[in-house]
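Presented below is the structure to which this report refers.
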Amino acid sequence: MLTPDNLKWLAAFQSSRSRSTKVCLVLNKLLLLLVVASLTAATLPARDVEARFTTDKADYLAGEPVFVALTLSNKGNDPVWIDFKSTDLARFGCDDFAVEVPGAESAQEQWGCGSGGSCGRGLREVMPGKSISLRQLLNWQFRLETGVYAIRARAAIVAHAQNLFDSPQISQLDVTDTLTVNVHRANENELKAVFKPIVAQLDSPDPLRQREAAGAIIETAPPFLEDVLIELAKTNYGFAVMTALRKADTQKTRDALAQIATGSDNRMFRLEAIRNLGRTGDATYLPALLQLMKSSDVQIQGAAAEAVANLGGATAVPAISVLLSSTDVQTRQAGANGLEYTHAREAVPILIGLLIDSDASIRQSTVSALSLLTHRVAFDGNQWADVITPQSASNVHQRWLRWWKSQGTDIEIHGMDDCARPESLD
């Protein structure tokens, strides 16, 4: 029963509740405004940063370096530091901006199954009233034959007020554009004329222009610049030049690779020269590579085994298999890795035998080698079967033996340029 006192209490409660509701509504509106303001601030266009894409010209010769440039201008009164985020066109995580060229073939060599690395890239400072230009060599990603190409470029730019990745973002900007270039057929003399000023830039006092020129020559690797490439192999660009010497594919550049492979004082250059010599397709270098397989340096030995496998294929299997009889684990590892590169059916049963090697690391690398050659793997559920312990390795070994006995004569054998997700062995 409601008494007069109870009615007064109820009226006071309802009045209080009404005031609380109004307060909550006001607070909710304020909170919503703050959230909207926060989201708006995070997506504000870069008021002080302008950006645009360009190419040096509209017409190029087939084989000529083509650069796409992104020019960033600071229209404000304070320095800004620029970072780049990945875009939906990005193919390579270390690129500042992404490019796509519909209709152009990829220039990337399909070789090996998986790679990794770190960019080590920092923020880029743009002073007030100044501009910077970031250039990307299109030939590195695409093979531009004769024809008209529409280059799609996109950058996701973030501006910071400090030279710190975790500093507050003051603005961001998405830049997209389509640039049209026409690539014409060319003869060697015309290309020589185009490359003449690029070669001259190798002596530029500006390190950036020098690096750009070296990159253009190394990536396009014109055979008529064989002498320039051989000289570049003696510089800090030497590691990348080993691939260019192979791509130039003249007798002189192949001989240069062989000289570096057998006698260079720079170990990293030497290893890369050995690997590339193995991919020249010129079997006249097999004797030199077979001799390098006897090196006491296990890395030289391993690179040579890989190169012998590439050049010799099935004929190289017996020579590489000799390494497997060594008591030294690293030497046996070099042999196992070498067999992976042979693209040969004869290598498979030998690798199956290595699944019960005494060393777990060799057993594991053997699983990878068999996967590449046969596109098959022993699965336990959704995982690759374990070969860590001798018992688990023995089980996997038995499964491979059964599979090889029933299907080994009919399966297709694959190589380093033919990677795919492996199927189940069973």
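Throughout, read-outs are computed from the coordinates displayed, never taken from laboratory work. Computed from a prediction, not measured in an experiment: that's the story for all the values here. Here the Cβ positions follow ideal geometry from the backbone for every residue, glycine too, while neighbour counts run over all protein chains shown.
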Given the alpha-carbon gyration tensor of region 187-277, what are the semi-axes of its equivalent ellipsoid in whole angstrom, ordered largest first, with each equal to the square root of 5 times an eigenvalue? 22, 16, 9
Net lengthening on full extension, Thr178/Gln291 (0.36 nm per residue, minus Cα-Cα): 35.4 nm
The local net charge around Leu144, scoring Lys/Arg +1 and Asp/Glu -1 for residues other than Leu144 whose Cβ lies under 15 Å from its Cβ, equals -3
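Normalise the Cα radius of gyration of region 231-335 by 2.2 N^0.38 Å (N = residues in it) and let me know the number. Let's see the in-between values first.
On the way: Rg = 13.3 Å, N = 105, 2.2 N^0.38 = 12.9 Å.
Rg over 2.2 N^0.38 Å, computed on Cα atoms: 1.03.
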Cross-link list Lys130/Lys234; Lys57/Lys252; Lys192/Lys234; Lys192/Lys247; Lys252/Lys294; Lys57/Lys247: which exceed 29 angstrom alpha carbon to alpha carbon? Lys130/Lys234; Lys57/Lys252
For the pair Phe67/Ser392, report the inter-label distance in nm, with labels modelled 7 Å from Cα in the Cβ direction. 5.2
Given 0.36 nm per residue, what is the gain on full extension from Ser361 to Glu50 after removing their alpha carbon distance, in nm? 106.7 nm
Any chance you could run the full-extension gain for Asn266 through Glu190? It's 0.36 nm times the residue separation minus the Cα-Cα distance, nm to one decimal. 23.8 nm
Expressed in angstrom and rounded, the centroid-to-centroid distance over alpha carbons for region 324-380 and region 203-248 is 36
At q = 0.18 Å⁻¹, what base-10 log of I(q)/I(0) does the Debye formula yield for region 320-370 when every alpha carbon is treated as an equal point scatterer in vacuo? -0.44
What relative contact order, as a whole-number percentage, does region 316-426 give when Cα pairs under 8 Å and 6 or more residues apart are counted? 26
Mean projected area in nm² (Cα convex hull; one quarter of hull surface) for region 316-426: 6.4
